[in-house]
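K.L.:
Mind looking over this structure? Questions follow.
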Amino acid sequence: MAGKSNTSEAKKAEAQTSLAFESAMTELEQIVADMEAGKLSLEDSLAAYKRGAELLSFCRSKLEDAQQQVSVLENGVLKDFSANSEAGQG
């Protein structure tokens, strides 16, 4: 039963990561919009820039992780799918 618990926990962690990514993107978009609109003082602009840089780093990291996972899939499961698709077209 421990395997099921670990799988469930992994799915929850993955969902939280996805939500965290989406939240980070939303916050980053809002920061950019506020800065472009000139709504912020100099001090607030600097703080927003710092926060934006942190969010950007976080999002890039998550995207790199996702890209790595896709690469792993392409080298395994998806490679067979592409071979079957090409065979059907020829």
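The values are calculated or read from the model by the stated rules, or taken from the named source; none is laboratory data. The structure presented is a predicted model; accordingly, all values stated were derived computationally and were not measured. A quick note on method: Cβ atoms are made from the backbone with ideal geometry, for glycine too, and the neighbour counts reach across all protein chains shown.
K.L.:
Find all pairs meeting these conditions: Cβ atoms under 7 angstrom apart; at least six residues apart or on different chains; first residue within segment 22-37 and among the basic types (Lys, Arg); second residue surrounded by 12 or more Cβ atoms within 10 Å (Cβ to Cβ).
P.N.:
That search, which allows pairs on different chains as well, returns nothing.
K.L.:
Within segment 37-66, how many residues are closer than 14 Å to residue 24 by Cα and either outside any helix (DSSP H, G or I) or charged (D, E, K, R) (or both)?
P.N.:
Adding up the residues that qualify gives 5.
K.L.:
Look at residue 34 and say whether it is at pLDDT below 70, assigned to a helix (DSSP H, G or I) and either charged (D, E, K, R) or at negative phi (or both).
P.N.:
no
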